[in-house]
Amino acid sequence: MTKALITLRVNGEAHTVAAEPHHTLLEVLREELGLTGTKHGCELGECGACTVLVDGVPVLSCLTLPQQIGMADVTTVEGLANGPELHPLQTAFAEEGAAQCGYCTPGMLLSAKALLDAHPRPTREQMAEAISGNLCRCTGYTSIYEAIEKAAARA
Ligand code: FES
Ligand code: FES
């Protein structure tokens, strides 16, 4: 199929790339922009590994076409840190052992960021709801909740 030029705004910068028109946002981020922090999981909308933020809202990039979002602001895990300074959630996840194999972690961090942006002091219930679409096989979730609480307390 003929590739088409598309322009996306990712982590604060506009990028124009040639991509197959049927390729998802996940595929374009990983294959055309080299942003492999966004993970390729089920491709069925079930695991949350591919979560990115679109205008601050968690979105499953495996179910999203770039044409659907136009020039909305996409944030991937690569856009969380501020230069060499990690986002407080990234630091807390590392300290609390909330990232183990790490496959779910980029999506989890972005869902947690959206949560803290909306609710700076979330309850456990709000946390559970916010990450309910992000499956983790490793941590048992307690360390993830503790990391989110720690990041919230430091903000
Ligand atoms: S890869 Fe998108 S939800 Fe699993
Ligand atoms: S840390 Fe392994 S799936 Fe979550």
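Can you tell me which residues in segment 28-74 are assigned to a loop (DSSP other than H, G, I, E, B) and touching a strand residue (DSSP E or B) at 6+ places or on another chain (Cβ under 8 Å)? The answer is Leu33, Leu35, Thr38, Gly45, Gly48, Cys50, Asp55, Gly56, Thr64, Met71, Ala72. Would it be correct to say that Pro58 is over 25 Å from Thr2 (Cβ atoms) and within 11 Å of the chain's Cα centre (by Cα)? Here the answer is yes, as Pro58 does meet what is asked.
Here the condition is being within 15 Å of ligand 1 (Cβ to nearest atom), closer than 28 Å to Arg121 by Cβ and either exposed (fewer than 13 other Cβ atoms within 10 Å of the Cβ) or not β-branched (Val, Ile, Thr) (or both); of Gly56, Gly79, Gly107, Gly97, it holds for Gly107 alone. So is Ala118 surrounded by fewer than 16 Cβ atoms within 10 Å (Cβ to Cβ), outside the structural domain of Cys50 (by TED's automatic domain parsing) and hydrophobic (A, V, I, L, M, F, W, C) or not? Here the answer is yes, as Ala118 does meet what is asked.
A search for C-beta distances below 8 Å between a residue of segment 100-119 that is without any contact (Cβ under 8 Å) to a residue 12 or more places away in the chain and any residue that is surrounded by fewer than 24 Cβ atoms within 10 Å (Cβ to Cβ), counting only pairs 6+ apart in sequence or on different chains, returns His119/Gln126.
The values are calculated or read from the model by the stated rules, or taken from the named source; none is laboratory data. Small disclaimer: the values here were computed from a predicted structure and weren't measured. Don't worry about glycine lacking a Cβ; one is built from the backbone with ideal geometry, like all the others, and counts go over all protein chains shown.
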